[in-house]
Structures are given as structure tokens and as C-alpha cells.
1. In the Gaussian network model of the chain, springs joining C-alpha atoms below 10 Å, which of 57, 133, 233 carries the largest mean-square fluctuation?
2. List the residues, sorted by chain then number, that are 5 or more residues from residue 193 or on another chain and whose placed amide H is less than 5 Å from its amide H.
3. Take every DSSP beta bridge with both residues inside the chain and express the antiparallel ones as a percent of the total, to the nearest 5.
4. Per residue of region 43-50, in order, report the coupling 6.51 cos²θ - 1.76 cosθ + 1.60 (Karplus, θ = phi - 60°) as ³J(HN,Hα) in whole Hz, putting x for Gly and Pro.
5. Once every DSSP H run of n ≥ 4 in the chain is given -39500 (n - 2.57) and the sum is divided by its residues, what mean residue ellipticity at 222 nm do you get, rounded to the nearest 500 deg cm²/dmol?
6. Residue-wise, which Karplus ³J(HN,Hα) couplings in Hz belong to region 176-189, taking 6.51 cos²θ - 1.76 cosθ + 1.60, θ = phi - 60°, and x for glycine or proline?
7. Quick check: the distance between the Cα centres of region 106-158 and region 70-97, to the nearest angstrom?
8. Of the candidates 203, 117, 222, which one comes out as most mobile in a Gaussian network treatment of the chain with C-alpha springs shorter than 10 Å?
Amino acid sequence: MPALGFGTLIPDAAVTISATRDALEAGFRHFDCAERYRNEREVGTALQAGLAAGGIAREEIFVTSKLWNSNHRPERVEPAFELSLERLGLKYLDLYLIHTPFAFQPGDDQDPRDQNGNVLYDHDVTLLDTWRALESLVDHGKCRAIGLSDITLNELQPIYESARIKPAVIQVESHPYLPETELLEYCKKRGIVFLAFAPLGHGMKPGLLEDPVISAIAARVGKTPAQVLLAWAIQRGTALLTTPKSAARARENFNISALPQDALDEINRIQTRQRLNEVVKTGVPGFIPQR
Ligand SMILES: NC(=O)c1ccc[n+]([C@@H]2O[C@H](COP(=O)([O-])OP(=O)(O)OC[C@H]3O[C@@H](n4cnc5c(N)ncnc54)[C@H](OP(=O)(O)O)[C@@H]3O)[C@@H](O)[C@H]2O)c1
């Protein structure tokens, strides 16, 4: 799995297509998708066109999708997976993740709510039930690896211990303001890939891209703040997802190089702590476009 991944959580359909093509052309070979992003068709269109134009084989790219909360019932898993494959125009997935550990009321409504606006959770299915259904997908050769997203260490441990097919990857928010060191160490010891999203803090300002420590290192090493943040993530042993939306930013985010040890140490000493996504506590995403 290429450590540097391109994330496709992009609200606009036309931008999804252009940004995905730009990422492929810049050199990205790892693409992170989800049924919840409602743009798998656009990502698929861009990938098919980009592979054909660049003479790139399907086997040279790594594609992930994710099972949404309203499809946790075991009988809903394979149909949801097949629909993602169909929308992406692919015959297999390299990785399939359970998007969050929270089961919502089963059905086609991705955001089921009661009349007071409260989320309708499904208490009749466990995460392990859903995990067993993902294991079957691997058995049938439809996806090569499975994992979990928006998971805490407390939730990961029992799944890891009970799993017949162990989680290959976990995808969680992580950046210098949320290093998740304990979870990272747990993963490293067990050979689980820790895949960080929001490595640039979702590009929010003020935020990581303007952090004085990051800016000073960027000026010193002749890189941009984004390149410093991405290099730090890779050098601490995580994979990452980033979502540049222009060709220039795709090239910038792909063109990273190793930071000196003193720069890594400085970043590790940053004391600010901030979680940008509450999804890990509720299953409700914070950054999903409504369309
Ligand atoms: N599992 C989950 O629950 C979950 C949640 C969130 C995200 N994700 C995944 O993670 C992926 C990454 O998303 P992210 O928002 O965390 O990505 P990110 O790369 O940390 O942040 C994207 C933001 O950073 C800006 N940006 C990108 N490159 C830049 C650069 N070189 N200089 C300055 N600003 C830059 C973008 O601005 P512009 O828009 O102006 O280009 C955008 O606003 C998503 O696409 C998705 O696949 C997963």
C-alpha cells in the first residue's frame, strides 16, 4: 500500500473528477473512497480515464472504499460492497473499511434521524458481526484486505483479538495536534497500517498550516508547511491521506522529502492538542457534503 494516499472526500462532482486525475498524474497511486462520499462514480470515471491515458495498469493503483453505518447488518455488507465496486468500475478492491464503528438504522437513508433530529442507531448488530461479513468478502476474493476507520484503541482491541482475518489498516484522524501515539504503537507492534487522515488539519486556518513551529521548519528546509506536515507523518511510520484539489497542489503534496531529525523532534514537542472530527464519538461525519 503506497504510504502517500489521495482522499476523495470532495463535495463537487466536477472537482472530484479533475482532482482525482491531477492526483494520478502527479504520481499518487493510492485512492481512498467511500460510499458515504457519494462520488464513487466520478472517482471511477477519473480513474478509468487516467489509467487509460497514462498506460497505468489497475494493479499499479491501490483503491479503498468504506462500508457506511447504515449497512452494518451482515446481509447488507456484500450488496453495499458490490455497489461500490460497480460505481467505481472495478473488479476488486485493495482494501475495504468499516467507515465507523457505529451502526445506524439499516436502510438506504445514510443519515436516519428521529423527529427530534437524533441519530437512529441500530443496537441489534455488533461490530464483530459486521467484521465477520467483511472476512467473507476476503474469502471470496473480492477484496484483498479489510480494516476499520474512526476507531479507538478500546474498540480495536476486541476486534483484533476475535478476528479470523486481522485488520490490515486503521484509518483515523492524526496530525501533530492529535498524534495518537498509543494507538500508533499498538498498530506497529501488530503490523497494522496506521493511516492518518487530516494530516494538514483539513487545511483549516488558523491551524496546523500556520503553526509557527511548522512554518519555521518549512522556511529552514525550503519546503512548504504542507510538505513538512506530510513528511512528518510518513517519517513517524504512518500512511496518510491528503486531498489537494488542484494540479499544482497535487504535485506539491506528492513531492515530499525526509526532514532532519531535529525538525521531527521539534514537531513532536508541539503541545497543542485538537481533535477536528467528532465522528469517532458518534459516527456522524463532520465533513461530508450534503448533496
Ligand atoms: N474516515 C473518516 O472519517 C475520514 C474523515 C475525513 C477525511 N477522510 C479521508 O481523508 C482524506 C483527506 O482529507 P483531509 O481533509 O483530511 O485532507 P487534508 O489534505 O488534511 O486537508 C485538505 C484541505 O487542505 C487544503 N490543502 C491541501 N493541500 C494543501 C497545500 N499543499 N497547501 C495548503 N492547503 C492545502 C485543501 O485546500 P483546497 O480545498 O483549497 O485545495 C483542503 O482544504 C479525505 O479526502 C478522505 O478520503 C476520512
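1. Its mean-square fluctuation being the largest, the pick is 57.
2. So residue 193 has HN proximity to 169, 170.
3. Numbers: 3 of 29 bridges.
Approximately 10 percent, going by the DSSP bridge assignments.
4. Residue by residue, region 43-50 yields 4, x, 4, 5, 5, 4, 5, x Hz.
5. Values: 11 runs with 118 residues, N = 291.
So the calculated ellipticity at 222 nm is -12000 deg cm²/dmol.
6. Each residue of region 176-189 in turn: x, 8, 8, x, 6, 4, 5, 5, 4, 5, 4, 5, 4, 5 Hz.
7. 12
8. Looking only at 203, 117, 222, the biggest GNM fluctuation is shown by 117.
Throughout, read-outs are computed from the coordinates displayed, never taken from laboratory work. Just so you know, these numbers come straight off a predicted model, no measurement behind them. Cβ: placed from backbone, ideal geometry, glycine included. Neighbour counts: every protein chain shown.
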